[in-house]
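The values are calculated or read from the model by the stated rules, or taken from the named source; none is laboratory data. For clarity, every value in this text was computed on a predicted model and none was experimentally measured. Quick reminder, even Gly has a Cβ in these numbers, built from the backbone with ideal geometry, and neighbours come from all protein chains shown. Note: accessible area is taken over every heavy atom of the protein model, side chains too, but ligands, DNA and RNA are not part of it. Shrake-Rupley method; radii C 1.70, N 1.55, O 1.52, S 1.80 Å.
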Amino acid sequence: MLLEAKEVSRAFGSFLAVDGASLEIEEGEIVGLIGPNGAGKSTFFNCIAGDLAPTAGRILFAGHDVTERSAEAHARLGIGRTFQVPATFTDMTVLENVMVGAFLRHPERAAARARALEILKRTGLSGVAFQRARGLGTPGRKRLEIARVLATGPRLMLLDEALAGLTPAELQGAIALVRAIHEEGVTLVVVEHIMEVILGLARRVIVFNEGRIIAEGPPQRVVGEPAVIEAYLGRAHLGRRKA
Amino acid sequence: MRWRPFALAAALLVYPLLFRGAFYQDMGALVLIQATSASAWNIVGGYAGQVSVGHAVFFGAGAYLPVLFYELWQLPLFVGVPAGIAVSLAFAFIIGLPTFRLRGHYFSMATIAVAELVRLIVSNSGFLGGAIGLMGPARPRGWWDLVFRSAVPYYYIFLAVLGLVLLATWQMERSRFGYYLRAIRADERAAKSLGVPVSRYKLYAFMLSAAFTAAAGSLYIIKTGFIDPESGFGILVSVQMIIIAALGGAGTLLGPLLGAILLVPLQTATNTWFGGGATGLTYIFYGGIIMLIARFEPGGLIELWRLRIAPLLLRRRGDAHAP
Ligand SMILES: Nc1ncnc2c1ncn2[C@@H]1O[C@H](COP(=O)(O)OP(=O)(O)OP(=O)(O)O)[C@@H](O)[C@H]1O
Ligand SMILES: [Mg+2]
């Protein structure tokens, strides 16, 4: 078992954004994590990545209890994550952004640079390597998120809507990239609203609603479950609470 | 573009030979001290983006300890320099360790509070000369007292120290340390997620910065032979470092030096014009500079050049390969 979350909860004040979520992820899997807006997917990611401390529950990674460890420690252990809203280092060049990630396993500048250049090539960012990241649009920044995390050499990658906002053509390229990363032995958890992405990547999906896991299984079967349909349609019926 | 730093270095080397008046040589030495302290501030305030408003505490420690050692044991001033650096490192550790763990402006507030507290304590401590301050040896007892009639020897000592600080900064810029600091400035949360030990690196940057600032304070006492609480620990000492670095370009290697070259002569000139009654004016002047930088180019003059003026010139020349 690579990752194991046991009854993880996260409260903001009296509001429970994640409410006793448990899951297990095997090394080598690609798992889809879906759910309506505000379901708690990003908050759950923040807990797994050490960015937020869970208010209850335990998280084990490769046998270590990482519940109380810092975000840096998570990265060192091999948990990498992208941010839903890209957290680009805008004053640095695209290459420098990726080098910050690469320095984790390559302390020397020349080695980090070489590694970062390799990753830029794989992620299709070579053309903008020496531009300031400020100049990138959202698709470029999303791609840079993936490149930067990849540079840290993760065993588990958490992608939070890393493929959102791409054109259909770009989407195919991005899906191929995620597959290639997976083929190199990286385990992935993918949050995505676009069903096409989930169906194209994941053998197993987990459905979040109001902080809880309400369904789990192969994507084709899960999307047909009454609880899942209700979670999505119920929201649509009431109107989306958040834009 | 690599020739520019060398041209600058050459100009600084020959400056006192070309401008032989005592006024110009004194001003040159002052430019170098200010450039050194602003460059030191730049490590934590510019590269790491952690704005210290209390760097006077390090400048003051660097200035006071040598002269205190002289007062107590008649030691030459340079003997106390390592002590000033050590005290500054200790201060930086004590301020940085608790505040860098917190988000928000605790760090800036803690630096200003500590600096003001230290200034008050020093002003009221008899053995530190109280509000009047302390004086070094009036007459040289030997070369080791480093008392020179001309400003030129000081100028070259200061230039060497500035060179050292800039060399260290340049090395830092090109290493993991420098990349990590810039990542921390840009987005701490993202830096952490990529494995950057954020609090630890901020502390390292702060301590390195403090040590170099103390060295600048020591240079000051070695040249002037006199220090009081206001010129060592005063809030203007801290603000001066920030303004100079921000004007030239915080977070760039040569920005603080550029800022000092522009601002110090301007200040000397206004002081001469308005006499001693211009202290209030200084604040207005600083406020104005801060507003201009914040409004038009937060990256200072170096960024203004790189991002706006240089591309314009290149385009006019019809040069296709902009950097
Ligand atoms: N720092 C915070 N403070 C207070 N409430 C928060 C905070 N972060 C998230 N929330 C709330 O927790 C709930 C879950 O948010 P979260 O971002 O985890 O949802 P999500 O499933 O990622 O949604 P989306 O699909 O829109 O990204 C939301 O109601 C949100 O408003
Ligand atoms: Mg989200």
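At the nearest 100 Å², what buried accessible area, both sides summed, do you get for B and A when the probe is 1.4 Å?
When B and A are taken together, about 2100 Å² of accessible area is lost.
Run the dipole for the range B:120-258 about the Cα centre, Lys and Arg Cβ at +1, Asp and Glu Cβ at -1, nothing else charged, and hand back the magnitude in debye, nearest 20.
Using Cβ point charges on Lys, Arg, Asp and Glu, the range B:120-258 gives about 380 debye.
Quick one: Cα centre-to-centre distance for the range A:113-172 and the range B:100-155, in angstrom?
Answer, in whole Å: 49.
Could you work out which residue, out of B:302, B:242, B:94, moves most in a Gaussian network model of chain B, that is, has the largest mean-square fluctuation with Cα springs under 10 Å?
B:94
Specify which residue in the list B:247, B:67, A:220 is farthest towards the positive end of the charge dipole of the protein assembly as shown, using unit charges on the beta carbon of Lys, Arg (+1) and Asp, Glu (-1), about the Cα centre.
Ranked along the dipole, the leading option is B:247.
So what is the 222 nm mean residue ellipticity for chain B from helices alone, if each DSSP H run of at least 4 adds -39500 (n - 2.57) and you divide by all residues, rounding to the nearest 500 deg cm²/dmol?
The per-residue figure over chain B is -23000 deg cm²/dmol.
Cα gyration tensor of the range B:3-321, axes a ≥ b ≥ c as square roots of the eigenvalues: rounded (a/c below 1.5), prolate (a/b > b/c) or oblate?
Verdict is oblate for the range B:3-321.
Pick out, from B:258, B:35, B:282, the residue whose Cα sits farthest towards the positive end of the charge dipole of the range B:3-321, with +1 on the Cβ of Lys and Arg and -1 on the Cβ of Asp and Glu.
Projecting each Cα onto the dipole axis, the largest value belongs to B:258.
Dipole of the protein assembly as shown (Lys/Arg Cβ +1, Asp/Glu Cβ -1, origin at the Cα centre): which of B:131, A:208, B:163 lies farthest to the positive side?
The residue sitting farthest along the positive end of the dipole is B:163.
Which GluC sites (Glu not before Pro) in the range A:1-65 sit in a loop by DSSP (not H, G, I, E or B) and have at most 15 other Cβ atoms within 10 Å of their own Cβ?
A:26, A:27
Hand me the tally of lysine pairs in chain A: alpha carbons under 19 angstrom apart, and the pair either on different chains or 8 or more positions apart.
So the count of such lysine pairs works out to 4.
Between the range B:237-270 and the range A:1-63, how many Å separate their Cα centres?
49 Å
Take the alpha carbon atoms of the range A:75-103, find their center, do the same for the range B:49-73, and report the distance between the two centers in whole angstrom.
Computed from Cα coordinates, the inter-centre distance equals 38 Å.
How far apart, in nanometres, would the label points at residue A:68 and residue B:125 be if each is projected 7 angstrom from Cα along the Cα-to-Cβ direction?
Here the modelled spin labels are 3.9 nm apart.
Under a GNM of chain B (C-alpha, springs under 10 Å), which listed residue has the highest mean-square fluctuation: B:75, B:219, B:89?
Residue with maximal mean-square fluctuation among B:75, B:219, B:89: B:75.
In degrees from 0 to 90, rounded to the nearest 10, what is the angle of the helix A:109-122 Cα long axis to the longest principal axis of chain A?
Long axis of A:109-122 versus the principal axis of chain A: about 60 degrees.
Is there a quick way to get the dipole size of the protein assembly as shown? I mean about its Cα centre, with the Cβ of Lys and Arg at +1 and of Asp and Glu at -1; what is the value in debye to the nearest 20?
Once rounded to the nearest 20, the dipole reads 1220 debye.
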